[in-house]
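Structure, as C-alpha cells:
Only the coordinates and a few stated rules stand behind these numbers; no lab work does. Because the structure is predicted, anything quoted here is derived from the model rather than measured. A quick note on method: Cβ atoms are made from the backbone with ideal geometry, for glycine too, and the neighbour counts reach across all protein chains shown.
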Amino acid sequence: MSEIVTREIARRRSFAIISHPDAGKTTLTEKLLLQGGVIHEAGEVRGKAGTKNTTSDWMELEKQRGISVTSSVMTFDFKGLRINLLDTPGHKDFSEDTYRVLMAVDSACMLIDVAKGVEERTQKLYEVCRYRRIPIFTFINKLDREGKNPLQLIDEVEQTLQMSCCPLTWPIGIGDRFMGIYHRLKKQFILYDQRRLENPPLVFSYDHPDFRQWWDRIPKDIAEKVTEELDIIENVLPNFDEERFLSGHLSPLTWGSAKQNFGVDIFLDFFVQFAPSPLPRRTEEGNQVDPSANFFSGFVFKIQANMDPRHRDRVAFIRICSGRFERGMKVYHSRLNREIRLTYSNQFLAQDRETLNEAFAGDIIGVTDSGNFAIGDSVSSSGPVRFEPIPRFTPELFCRVTVKDALKRKKMIDAIRHLAEEGAIQLFVDPAVGPGDPILGAVGELQFDVLLFRLRNEYGLEEVSLQRLTYTVVRWPRRGEVPVTQLNGNFRIYYDMSGHPAILLNELWDLKWAEKENPDVVFLPTPF
Ligand code: G4P
C-alpha cells in the first residue's frame, strides 16, 4: 500500500445523522455543508426552483407529504478531512433504508430537540448504532427555543438509551435567554447574540479583559444555575474517554441551534478531533478486512433507480471497505461469480454529482448499474470477498399489484423488479402462477404509497393499483441450513427475489400451526 493511499484513507470520515423527524436534521445538514463550503447559502439542500439541483421525481412526493424518503450522500472537505455525510430517511416506514445506511458509516451524530428529548425514532436508530457499536456524537438542538432542563435532559438520554454522555459544552440559559455555551475542553465562553449571527461569535476565556463585565451582565439566576450545573458535571459525569467513545459506550455531547448556525462549528471541530477513520469490516466467514489492505473491496448498501430524471439511470452505492478505487477498474462480483468493470462512477456533492476517477476506503461511490447489483453484493479486486450480509426487515404488509392495460403488464413487472432490487419493497412469487403476478411485501404503509407514486411518475404506469392482501406474516422455512420447499399442513411455498422459499400467513396463530406440523423446521423472520 503506497503512502499516498494510506494517507488518503486516514483522512476519510463517513457518518450519518440520526434523529426523529423535525429535530432539525435537514437544517443541521445544511449548516454542515455551509461550513464545508459545499453550499453558499441556506436553502440549497432542500432544492430551489430554477437551480441546477437534481431534484428527483420522488422528492416531489417528499415535498408533498413533508417527509424524507430517500437518502443520499454528501461529500465535503474540512480541515484536511474528506467527510462523507450520508443522509437517512426520517420516517419510520423507511427504517430499512436507514438501517442500510448505518451499515455504511463509521460514526453517527444523534440529533435531539431540546424541548422533546429522546423521541421514538431516535431511540430505534440509536439501537441500530449500538448493535453495530458505532461511535455516537450527540447534538442537542434548538437552544434558541424553550426546552428541557439540561441536566434532566442528559439524565433522560442516559436512562432511555443506557449510554453515558460526556457534555463537552454546556448551555448558558435557553430560549429567549440563551446566552451561549461554555466550552469545557477550551475553558471558553462562546457568546450567542441574535443580533449579530452573521458574524463569528465573541469568545471569552476567564482571563479575557471583557469577561467579567459580560458575566456580571448575565441575569443572576442564569449565572448561578450554570455555575452550579458546571460544578455538578465536573464532579459527577464521566470525563471524555476515547476508548469508550469508539466502542459506542460514551457519547460526547454538545449544544447549539442549527437554525441560527450556532454551535455547529463546535460540533464539527469535535467531529474532526474524535471521529474514527474507516473501521475494518467483517466478512461472512468472520475475517476482518482492514481499510489499508492492499486490494480494493466494498459492498453495495443502497440502490436507487431513476435518481436523476435527466439521466434515467440506476445507481448502486458502494461503501469502499479497503484500498483504492480507480474508475474503469475490473472487480470480482462475488454473487455473480465473475468479473465486472466499474466504468461510470460518481461522487455526490450536496445534490450534484460529479464523475469520480479515484476513491479510497471509507468513501461512498455511486456506480451506474445496468442490473448487475443487488443490495449486499460485495466486490473486490482480489477474488471473492463476501462482506457480512445486510439484514432485511420482515414485511408485515402485503399486496398484489395490477395494471388495467394488459399490454403494460410486462413493463409493470420489470418496474417492480427494479424497485425490489433497490430494496424499496420485497417480492414474492408463487411458482404455480409465475413471476407475472407477484406479491409485494412492505415494512410500512408509506412504502406502498411511494411505490405507486414511482410506478406512475417514473415508469408512466398511470393505471396501476394495489390490492391489499390479508397476510401479515412471512417466514423462511429451514431445516438446519437447508431451505425447505415442502411443508406438512398444506402451506403454499412462495419464492423471494433471491429464490429463497418462504410462506405467507394471515396471522401468528398460523405460524404456530406450521411449527406444530413441522417440528423439525425453523421458520426464520429473514432469509438468512
Ligand atoms: P428534519 O429534517 O429533522 O425533519 O427537520 P428540519 O431541519 O426540516 O427542521 C424542522 C423544523 O425545525 C423547521 O421548522 C426548522 O426550521 C426548525 N429548526 C431546525 N433547527 C432549529 C433550531 O435550532 N432552532 C429553531 N428554533 N428551529 C429549528 P419549520 O417551521 O418546519 O420550517 P422553516 O419554515 O423554519 O424552514
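Here are the numbers for the structure shown:
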{"item": "C-alpha long axis of helix 150-161 to longest principal axis of the chain, angle in °", "result": "20 degrees"}
{"item": "Estimated FRET transfer efficiency when R0 is 45 angstrom, pair ASN488-GLU388 (beta carbons, to 0.05)", "result": "0.85"}
{"item": "Cα-based shape type of the range 387-486, given that a ≥ b ≥ c are square roots of the gyration tensor eigenvalues and the cut on a/c is 1.5", "result": "prolate"}
{"item": "Inter-site label distance for GLU3 and ASP241 at 7 Å from Cα along Cβ, in nm", "result": "3.8 nm"}
{"item": "Sequence ranges 486-494, 295-303, ranked by mean other-Cβ count within 10 angstrom, highest first", "result": "295-303, 486-494"}
{"item": "Cα centroid separation - the range 222-283 against the range 143-179, whole Å", "result": "12 Å"}
{"item": "Within-14-Å neighbourhood charge of GLN486 [Cβ basis; K, R +1; D, E -1]", "result": "+1"}
{"item": "Nearest-ten-degree value, helix 25-35 long axis tilted from longest Cα axis of the chain", "result": "60 degrees"}
{"item": "Among 225-231, 207-213, the order from most to least packed when residues are scored by Cβ within 10 Å on average", "result": "225-231, 207-213"}
{"item": "Cα-centre dipole for the range 397-524 with unit charges at Cβ (Lys and Arg positive, Asp and Glu negative), debye to 20", "result": "220 debye"}
{"item": "For the chain, with +1 on Lys and Arg beta carbons and -1 on Asp and Glu, the positive-most of GLY298, SER205, SER164 along the dipole", "result": "GLY298"}
{"item": "Rounded Å value of the spacing that divides the Cα centres of the range 96-110 and the range 357-433", "result": "19 Å"}
{"item": "GluC sites (Glu not before Pro) restricted to the range 439-528 and DSSP loop, no more than 13 other C-beta within 10 Å", "result": "GLU462, GLU463, GLU481, GLU507"}
{"item": "Rounded to 10°, Cα long-axis angle of helix 409-421 versus longest principal axis of the chain", "result": "40 degrees"}
{"item": "Amide H contacts under 5 Å for CYS166, placed H, 5+ residues apart", "result": "SER251, LEU253"}
{"item": "Ordering of 235-248, 409-422, 430-443 by packing [mean C-beta count within 10 Å, highest first]", "result": "409-422, 430-443, 235-248"}
{"item": "Relative contact order of the chain, pairs being alpha-carbon contacts under 8 Å that are 6 or more residues apart, as %", "result": "14 percent"}
{"item": "Given LYS116/LYS142; LYS116/LYS148; LYS92/LYS124; LYS25/LYS142; LYS124/LYS512, the pairs whose alpha carbons are separated by over 18 Å", "result": "LYS124/LYS512"}
{"item": "Largest-first ellipsoid semi-axes for the chain, taking √(5λ) over the Cα gyration tensor eigenvalues, angstrom", "result": "44, 26, 24"}
{"item": "Exposure proxy ranking, count of Cβ atoms within 10 Å, fewest first, for THR6, THR355", "result": "THR355, THR6"}
